[in-house]
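First comes the structure, then the notes that go with it.
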Amino acid sequence: MNITKDKVVDLDYKLTVHNEVIDQSEPGEPLVYLHGHSNIIPGREKALEGKTVGDSMQVTVTPEEGYGTRDPDAIEDLSREDFDDDIEIGSTYYAQAEDGSVIPFTVIGVDGDSVKVGFNPPLAGETLHFDVKVLGVRDATAEELDHGHAH
């Protein structure tokens, strides 16, 4: 069975950026996702289209097909008073947007009472390199299709 829209896919993967392993599936715990529903980054999803169980590949994903390019306007200065605890550069915090959604941000620097934060995803602007092996492909259930993700 080939990977196409509405198929549930199990895969092992390793993600490297600048020759450093950033993320990988654990042995016996593959990534399981519903194909064609934007549950993984677009570049990796496109590369998997049409593949089948047993296929292994290396996939290079540009920033535009991954987490996007870095937006220099996505940096703000916040007051140190807005933070409850010790502030560490590189730490991720979460803010609530006006619509109620949660927005992650990363501390870039601290200068006196000012905390410089970035709202870009951590891997924005990076070219991503994946080693991928397809372990399983099956039809999605009606419930998975209704929910838009694999169960």
Practice task
Would you mind getting the accessible area per residue of the range 59-151, heavy atoms of the protein chains only, 1.4 Å probe, in Å²?
Solution key: 65
Problem - R0 of 22 Å, Cβ-Cβ distance His149-Glu49: FRET efficiency to nearest 0.05 - result: 0.75
Problem - Extension reserve of the Ser56-Ala142 stretch, reckoned as 0.36 nm per residue once the Cα distance is removed - result: 28.1 nm
Completion exercise
Projected onto the charge dipole of the range 58-139 (unit charges on the beta-carbon of Lys, Arg, Asp and Glu, signs +1, +1, -1, -1), the Cα from Ile89, Thr62, Gly109 with the largest positive-side position is that of Thr62
Practice task
Summarise the accessible area of the chain (1.4 Å probe, protein heavy atoms) by the percent that is carbon and sulfur.
Solution key: 46
Handout entry: Most to least accessible of Leu78, Leu145 (protein chains only, probe 1.4 Å)
Key = Leu145, Leu78
Practice task
Work out, in µm²/s and without decimals, the Stokes-Einstein translational diffusion coefficient of the chain at 25 °C, 0.890 mPa s, Rh from Kirkwood over C-alpha pairs.
Solution key: 140
Exercise for the section: Give me the net charge of Lys7's neighbourhood, meaning all other residues with Cβ under 14 Å from the Cβ of Lys7; Lys, Arg count +1, Asp, Glu -1. Expected result: -4
Handout entry: Descending semi-axes in Å of the range 1-79, equivalent ellipsoid built from Cα gyration tensor
Key = 28, 16, 13
Problem - Total lysine pairs whose alpha carbons fall under 18 Å of each other in the chain (8 or more apart, or interchain) - result: 10
Exercise for the section: Taking the Cα centre of the chain as origin, sum charge times position over the Cβ atoms of Lys and Arg (+1) and Asp and Glu (-1), and report the length of that vector in debye to the nearest 20. Expected result: 960
Problem - Rough spin-label spacing in nm, given labels placed 7 Å along Cα→Cβ, for Glu29 and Ile89 - result: 3.2
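The values are calculated or read from the model by the stated rules, or taken from the named source; none is laboratory data. Here the structure is a predicted model, which is why all the values come from computation and not from measurement. Reconstructed Cβ throughout: ideal geometry from the backbone, glycine too, with neighbour counts over all protein chains shown. Surface accessibility is based on the protein's heavy atoms, side chains included, excluding ligands, DNA and RNA. Shrake-Rupley method; radii C 1.70, N 1.55, O 1.52, S 1.80 Å.
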